[in-house]
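Here the structure comes first, spelled out in C-alpha cells, and everything after it is commentary.
The values are calculated or read from the model by the stated rules, or taken from the named source; none is laboratory data. Only a predicted model underlies this, so the values are computations on that prediction, with no experimental measurement involved. So basically every Cβ, Gly included, is an ideal-geometry build from the backbone, and we count neighbours across all protein chains shown. For the accessible areas, the whole protein counts, side chains as well, though only heavy atoms, and no ligand, DNA or RNA atoms are used. Shrake-Rupley method; radii C 1.70, N 1.55, O 1.52, S 1.80 Å.
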Amino acid sequence: MNAALRSILIEICVCYDIAAMQRYRFLAFCGLGCAAAALAQRGVQPVRPAEKYPQVVQRLESLSTIAVTAWRGHGDLPHGEDPGLDDSTWTAVTIGGGRGQGQGPALTWYRAVFEVPASASGARLKLLPRFSADGRLFVNGGLVAQGDGRSLDPVVISDHAQRGSKFAIAVKVPFHAVTGRFQGAQIVVERPGQADPSVLHDEILSAEALLNGNPAGAAEHQKQLDAASTAIDFAALDGGDQAGFTRSLEAAERALQPVKDWERQFTIRLVGNSHIDMAWLWPWTETVEVVRDTFTTALQLMREYPGFTYAQSSVQDYAWLQEKYPAEFREIQDRVKEGRWELVGGMWVEPDLNMPDGESMVRQLLVGTRFFKKYFDKETTVGWNPDTFGYSWQLPQIYKRAGFDSFVTQKMSWNETTSFPYKLFWWEAPDGSRVLTYFPHGYSGGVNPVALSRDVADYAAETHQKQIMHLYGVGDHGGGPTRQMLDEALKMENPAGAYPKTEFSTARSFFDDLEKETADGSLQPPVWKNEMYLQYHRGCYTTQSETKKLIRQDEELLQNAEKFAALSFVTAKRPYSNEAFEDIWKRVLFDHFHDIMPGSGIGINYVDAERNLTDASLRAGKILDGALDALAGGIDTSGSGIPVVIFNSLAWERTAPVTVEAPALPAGQRYEARETGGQTLLAQTISTDEAAHRVKLQIMAKAVPPLGYSTIHLVAVADASAHTASALRVDGTEIENEFVRLKIDKQTGCMTSLINKADGKEAVAPGGCGNLLQAFKDVPRTQDAWEIRFDENVWDLKQPKEVRVVESGPERAVVRIVNTFQAPTRTAGGESTFTRDVIVYAGVPRIDVETKVDWREQHILLKAGFPVNVHSDKAT
C-alpha cells in the first residue's frame, strides 16, 4: 500500500475528530467534509443548516477564533525557537484547512508572529496547534507544550491581552514521511464572565440543525431563532460599545429560551473511548506504551471530572497493563466497580471478522470474557468492533450464545458502491439469533455542539429516534478523551445551553433504554438478515497471503491438537495443559487483528506475525505429535507389512485420500494398502525420491470413524498382482467417477461440463468456461494493498501451453493445465506461469484444483472464474 498517502487521508479525518468538532472550530471544514463524505458514501444526505444567518455566524466566529496562517518553515537546526533568529530566508508556508501548502519535503521548524488585534484586546488568549504526531510548541522562545499534537489542549498565552502585543510562535515536528506533518494553529479568544460569542455561535447552528432535521412543528421555533439572531447588535460592537454588544448577546440568549426547551427532547449519550490498533503504522511493541499512556490519561481525567465515563475494548490491552503496570491495572479494577470504566467488546483483540474460522471467533470471546470475569468479575454484553472490514453473518449467533445482546460498529458507512440502509437494527443470523446493532457516526469523534446536533438530526430523520450514542476520544494510536472534549461536554450538559440534553453515559445503559422500547413496542427496529460486507478494502482478502496462510494452518493445528490431547488424556492418561493451549491461542488470536490479518499494516508487523505464528505452530505441533504418539501406542498394529494409523479429527465419518511416505521397494514390487480385515484399498504411487529411496503413496481411506482412527497395512506385492477395481475412468481429458463426469477442453483448458451423476444436472453454465484464469489491470485510486479497482483491460487465459493427463491410476486421475501470461505493459522479467492440477478421486464426490504460480506481475489481479448453472430461490 501507499502508506504515506493513506496516512494523509486518515489525518484529514482525524483533525475533525479531535479539534474541529470541539468548541474551537479549528480546521472545521476538514472534519465536516469527512463526515459529509462518509454519509454521502452510504447514500444518506446529512442534515445541514439552512444558512439563514451566514453573516451573523461568521461574525460571531471571527470574535472567538483567529487563524494563524502565515508561517515560515525550515529543516532541522538547533534552537529554531529563538525569537532573535533571522528567519527571513526560510520557506514561506501558508497553512489552512489542515495541510501545509508548499512546505517542501523535509520541514521540521515552523515559525509565525501573532499580533493581538483590537477585537481581542482585554481577552484571554489560548493557542491551539495541531500536528500529526509528537512535537513541541514554543512561545517567545519558551517551551509551553509538547506531546501528541492531535490531542494537545489549548495553551493560555495571555490572561489579559493588550492590543498590538506580539507573540513569537514556533513549532517543531520530527520529520517523518508519514507522521511529521504540521497542520496549523489558531488563537482562541475568551472573555470570562461575559457573554461568549462562540457559545451563541454554537447555539444558533445547533438549533438550526435540529430544526432543519425536524421540520414538523418547527415553524414557531424558527421564528424564535430568527429573533435571537436579529437581537445581536454588531453595530454597537463596531462603534466601540462593548457593554451594549454584551447586552445584545444576553438578549439573544433570552430569546433562545423556548428553543432551548424544545431541544431538550433530544438526548446525546456521550461515551468516552479510544480505538487502539494493536499494530498498524507502528509495531505492537509501541502499542504497549500507547495503552499505558491512554489508560493513565483516562484515569487522571476520572479524578478531575467526576461524571466522566469511559469504555474500552480489546482484552489484550488489559493483559499488557496487568503484566507491566499493575498499579494502574488495580485502579481500573476500582473504576470498573464504580461503573465509570466500562468493559466492552469481550474479544482478545478487535479482529477481522470475515477471514478467521468460526472456532477462532468463538475463542476471541471465550478467552476475552474469561479474562474480564476473572479479573473484574464482569459479564460483557456489548459487542464492539467499529473498525473491522466487514462482518460474517454468523456473528450474531456467536455473540448471542456468548451472552451478548448488542453490537456496535460503524464501518459499513464507508461503503463505496451501495448504501447500507440502517443505523439501528436487529442483526439476525441464519439460525434466528439476533443482536441489537447500532452505528454511531464514528468512533474517534470530538465533542462539538454543532456537529452533534447534526448527528441527532440525521438519526431522527432516518430512525425516528430522539437519542444517539456518541463515541468521542482520540483513536487509532490511542489517546482517548481530552480535557478540551470534557470541558465541551460539561458546557453541553449545562441545562442553560441551547443544546440537546447531553449526559455522560455507558454503552450498556444506552442499549438498556433501547431494549425497553423494543420490549414495549414503541421502538421497532428493522431486521437485517445477511452478512455485512464492506464494499471497500477488498484487496485485504489477498494482501500478505503468507500471514493468512500461517493463521489458517495454526487454526486447524490448534483445534486438532486440543482434540487429540483431550483424547490422550482420557485414554492414555497423558497430561493436558489448558494453560498451554490458552497461551498458544492468544498468540494466534492476536494476529487476527484487523490491520494484521488483512495485510493493511507496515512491513515489520508481518515479520513479527511470522515469528509469532511459527512459534504457535511449533508448540501446537509438539502437543499434537505427543498426543498422537500416546494414542497410537495403545493401538494393536500387528499384522503383515508396514502399519499406518489414520486419525480422523472431524465429528463425522470420512472417506478421503491420505498421503503416506514409505521406503522404496525393489524393482518388480509395489505396495498394496489393506485394512485390518484384509480388504484392499485403492492406492497409487504419486512421487518417487530416488536419492532418498522413498516413495509417496496416495491411499483412499474408507469410513474412518468420527474422532477415531483406522489402521491400514502397506504390504509389498508383485507388480503384476491384480489392481483393485476402481470406478475412475479417463478418456482423453474427460474424467468420471461414481459421482461426477468432468470434461476439460484441450484447446482452452476450460472445464466445459461438470455433471452430477445422481440427478444428471449440469453445473457449468451453457457455453461457460469453468476454472478460467482471468487477469485484470488493477488500478486502485489509493491504497493499492487495500483496494481493488479494474479498468477496461481484462485478459482471459485460454491459450494454454499444455493440457494433458499426468496421472491415471485407480485412486486418482490428474489433468495438468499450464498457462503463461505477461502484461502488455511489462517488457522485462519474463512470463508468469500458472500450473493447475485438476484432480478427480475414486469414491469421493469432489474435485480438487491445485494451483502453483510463478508470479512476475505488478498491479495485475488474477482470479479463477466459474460460471455456474446454479440458482437459489431462497431470499435473504
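Report whether or not Gly368 is assigned to a strand (DSSP E or B), small (Gly, Ala, Ser) and under 28 Å from Trp320 (Cα atoms). Outline the logic, then answer.
Details: assigned to a strand (DSSP E or B): no; small (Gly, Ala, Ser): yes; under 28 Å from Trp320 (Cα atoms): yes.
Judged against the criteria, Gly368 is not a match.
Residues are listed down the side, and each one gets a yes or a no for (1) in contact with a Pro (Cβ under 8 Å, 6 or more places away or on another chain); (2) within 30 Å of Ala327 (Cα to Cα); (3) at pLDDT 95 or above:
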| site | (1), (2), (3) |
| --- | --- |
| Lys374 | no, yes, yes |
| Lys378 | no, yes, yes |
| Arg401 | no, no, yes |
| Ser413 | no, no, no |
| Glu428 | yes, no, yes |
| Pro440 | yes, no, yes |
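One residue alone among Ser198, Ser206, Ser248 is touching a strand residue (DSSP E or B) at 6+ places or on another chain (Cβ under 9 Å) and either in a helix (DSSP H, G or I) or of a type in the set (Ser, Thr, Tyr) (or both), and that residue is Ser198.
For the range 604-617, state whether one or more residues are touching a strand residue (DSSP E or B) at 6+ places or on another chain (Cβ under 6 Å), more than 17 Å from Phe564 (Cβ to Cβ), surrounded by fewer than 18 Cβ atoms within 10 Å (Cβ to Cβ) and not charged (D, E, K, R).
no
Taken over the range 487-534, residues that are in a loop (DSSP other than H, G, I, E, B) and either touching a Gly at 6+ places or on another chain (Cβ under 8 Å) or surrounded by fewer than 16 Cβ atoms within 10 Å (Cβ to Cβ) (or both) amount to 13.
Picking from Gly164, Gly147, Gly122, which residue would you name as being open to solvent by less than 50 Å² (accessible area, probe 1.4 Å), at positive phi and part of a strand (DSSP E or B)?
Values: Gly164 fails: part of a strand (DSSP E or B); Gly122 fails: part of a strand (DSSP E or B).
The conditions single out Gly147.
Being touching a residue at least 40 places away in the same chain (Cβ under 8 Å), open to solvent by 10 Å² or more (accessible area, probe 1.4 Å) and not aliphatic (A, V, I, L, M) is the filter here, so list the residues in the range 390-407 that pass it. Matches in the range 390-407: Ser392, Trp393, Asp405. If only residues of the range 172-185 that are open to solvent by less than 10 Å² (accessible area, probe 1.4 Å) and within 23 Å of Ser158 (Cα to Cα) are counted, the one that is modelled with the lowest pLDDT is Gly184. For the range 549-596, a residue qualifies if it is part of a loop (DSSP other than H, G, I, E, B) and touching a strand residue (DSSP E or B) at 6+ places or on another chain (Cβ under 7 Å), and the qualifying residues are His592, His594. Counting the residues of the range 765-809 that are open to solvent by less than 30 Å² (accessible area, probe 1.4 Å) and not in a strand (DSSP E or B) gives 12.
Picking from Gly193, Gly184, which residue would you name as being at positive phi and either in contact (Cβ under 8 Å) with a residue 40 or more places away in the chain or in a strand (DSSP E or B) (or both)? Let's see the steps before the verdict.
Details: Gly193 fails: either in contact (Cβ under 8 Å) with a residue 40 or more places away in the chain or in a strand (DSSP E or B) (or both).
Checking each option against the conditions leaves just Gly184.
The one condition from (1) buried (at least 21 other Cβ atoms within 10 Å of the Cβ); (2) out of contact with any Leu (no Cβ under 7 Å at 6 or more places or on another chain) that Gln410 does not meet is (1).
Would you confirm whether or not the range 542-557 contains a residue that is under 19 Å from the mean Cα position of the chain (by Cα), charged (D, E, K, R), open to solvent by 70 Å² or more (accessible area, probe 1.4 Å) and more than 20 Å from Arg363 (Cβ to Cβ)? For the range 542-557, residues under 19 Å from the mean Cα position of the chain (by Cα), charged (D, E, K, R), open to solvent by 70 Å² or more (accessible area, probe 1.4 Å) and more than 20 Å from Arg363 (Cβ to Cβ): absent. Considering (1) touching a Gly at 6+ places or on another chain (Cβ under 7 Å); (2) open to solvent by less than 20 Å² (accessible area, probe 1.4 Å), the lone condition that Ile839 does not fulfil carries the number (1).
Can you tell which of Ala209, Ala228 is open to solvent by less than 10 Å² (accessible area, probe 1.4 Å), in contact (Cβ under 8 Å) with a residue 24 or more places away in the chain and over 44 Å from the mean Cα position of the chain (by Cα)?
Ala228
Against the list (1) open to solvent by 20 Å² or more (accessible area, probe 1.4 Å); (2) touching a strand residue (DSSP E or B) at 6+ places or on another chain (Cβ under 7 Å), the condition Phe114 fails is (1).
Restricting attention to strands (runs of 3 or more DSSP E) lying wholly within the range 382-477, give those where 2 or more residues are closer than 30 Å to Val290 by Cβ. Step through it out loud before you land on a result.
Numbers: elements: 382-384, 406-408, 424-428, 434-438, 467-472.
Strands (runs of 3 or more DSSP E) meeting the threshold: 382-384, 406-408, 434-438, 467-472.
Of all residues in the range 655-703, those that are open to solvent by less than 60 Å² (accessible area, probe 1.4 Å), among the acidic types (Asp, Glu) and either farther than 20 Å from Glu807 by Cα or not in a strand (DSSP E or B) (or both) total 1. Considering (1) within 21 Å of the chain's Cα centre (by Cα); (2) more than 30 Å from Pro215 (Cβ to Cβ), the lone condition that Leu471 does not fulfil carries the number (2). Being within 21 Å of Ala507 (Cβ to Cβ), in a helix (DSSP H, G or I), open to solvent by less than 40 Å² (accessible area, probe 1.4 Å) and in contact (Cβ under 8 Å) with a residue 60 or more places away in the chain is a property that Val291 has.
Answer yes or no: is there a residue in the range 256-277 that is open to solvent by 10 Å² or more (accessible area, probe 1.4 Å) and over 30 Å from Gly497 (Cα atoms). No, the range 256-277 contains no residue that is open to solvent by 10 Å² or more (accessible area, probe 1.4 Å) and over 30 Å from Gly497 (Cα atoms).
Within the range 125-144, can you find the residues that are within 21 Å of Thr89 (Cα to Cα) and not in a loop (DSSP other than H, G, I, E, B)? Result: Phe138, Val139. In the range 54-75, the residues that are modelled with pLDDT of 90 or more reach residues that are assigned to a helix (DSSP H, G or I) and aromatic (Phe, Trp, Tyr) with C-beta atoms within less than 6 angstrom, at least six apart or across chains, in these pairs: Arg59/Phe234. Only one of the listed residues (Arg826, Arg816) is assigned to a loop (DSSP other than H, G, I, E, B), open to solvent by 20 Å² or more (accessible area, probe 1.4 Å) and without any contact (Cβ under 8 Å) to a residue 40 or more places away in the chain. That residue is Arg826.
Selection of first residues in the range 642-671 that are in contact (Cβ under 8 Å) with a residue 24 or more places away in the chain and of second residues that are open to solvent by 60 Å² or more (accessible area, probe 1.4 Å) and among the aromatic types (Phe, Trp, Tyr), restricted to Cβ pairs under 6 Å at least 6 apart or on distinct chains, gives the following pairs, ordered by first then second residue: Val645/Tyr709; Phe647/Tyr709. Among the residues of the range 413-424, those identified as farther than 23 Å from Glu342 by Cα and either without any contact (Cβ under 8 Å) to a residue 24 or more places away in the chain or open to solvent by less than 50 Å² (accessible area, probe 1.4 Å) (or both) are Ser413, Asn415, Phe420.
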